[in-house]
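The values are calculated or read from the model by the stated rules, or taken from the named source; none is laboratory data. In this text the structure is predicted, and so the values were computed from the model without any measurement. Cβ placement follows ideal geometry from the backbone for every residue including glycine, while neighbour counts extend to all protein chains displayed.
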Amino acid sequence: MAIWDKVKQGIDKAGKAAQDVFDEGKLRLDAYRAREQADKAAEALGYAMFRAADAGGELEADARDRLVAALRLQDAEARRLETELAAARAVNGTTDQTATSDEAASAPVPNTPVP
C-alpha cells in the first residue's frame, strides 16, 4: 500500500501545483484588465482636459472630479491586484520577467499643464 500512498501524494502535489499556476494566471489576467481600465480612465481625463483647453477654457470642476475619481478607483484596483499577484508569486516561488513590474505601476505621472 505504501506505493499507492506515494502515487496519491504525487498526484495531489501535481494537482496543487497546477491549481496554483491556474490561480496565478487568472490573477495576472485580472491585473492586466484592471490596468487597462486605469489607462482608459487616464486617457478619458487627458482627452477631456485637451478638449477643454482646445476650446479655450478649462475642464469643469465636476467633470474633472468625476474623471479623477474614476482614475483613482481604477488605479487603486490595478495596484491591489498587482500587489496580490506579487504576493502569490512570492508564495509560489515564481518569477516572470514579462509580468507587470511594480516599478512601472508605481511610476509617477508627470504633472504637465495643458497649454
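Restricting Leu67, Leu73, Leu85 to those that are at pLDDT 95 or above and within 15 Å of the chain's Cα centre (by Cα) reduces the list to Leu73.
Out of Gly10, Gly15, Gly56, I need the residue that is more than 30 Å from Ala90 (Cβ to Cβ), at pLDDT below 95 and surrounded by fewer than 11 Cβ atoms within 10 Å (Cβ to Cβ). Which one?
Values: Gly10 fails: more than 30 Å from Ala90 (Cβ to Cβ); Gly15 fails: more than 30 Å from Ala90 (Cβ to Cβ).
None of the others qualify; the one that does is Gly56.
In segment 92-109, which residue that is under 15 Å from Gly25 (Cβ atoms) and in contact with an Asp or Glu (Cβ under 8 Å, 6 or more places away or on another chain) is modelled with the lowest pLDDT? Filtering first and then ranking leaves Thr100.
Would you say Ala48 is surrounded by 11 or more Cβ atoms within 10 Å (Cβ to Cβ) and within 30 Å of Val91 (Cβ to Cβ)? Before you say what the answer is, go through the steps one by one.
On the way: surrounded by 11 or more Cβ atoms within 10 Å (Cβ to Cβ): yes; within 30 Å of Val91 (Cβ to Cβ): no.
For Ala48, the condition - surrounded by 11 or more Cβ atoms within 10 Å (Cβ to Cβ) and within 30 Å of Val91 (Cβ to Cβ) - is not met.
Selection of first residues in segment 29-45 that are of a type outside the set (Gly, Ala, Ser) and of second residues that are buried (at least 17 other Cβ atoms within 10 Å of the Cβ) and assigned to a helix (DSSP H, G or I), restricted to Cβ pairs under 6 Å at least 6 apart or on distinct chains, gives the following pairs, ordered by first then second residue: Asp30/Leu81; Arg35/Ala78; Gln37/Gln74; Leu45/Leu67; Leu45/Leu71. Candidates are the residues of segment 18-42 that are over 18 Å from Ala87 (Cβ atoms) and either exposed (fewer than 12 other Cβ atoms within 10 Å of the Cβ) or of a type in the set (Lys, Arg) (or both); the one that is farthest from the chain's Cα centre (by Cα) is Ala18.
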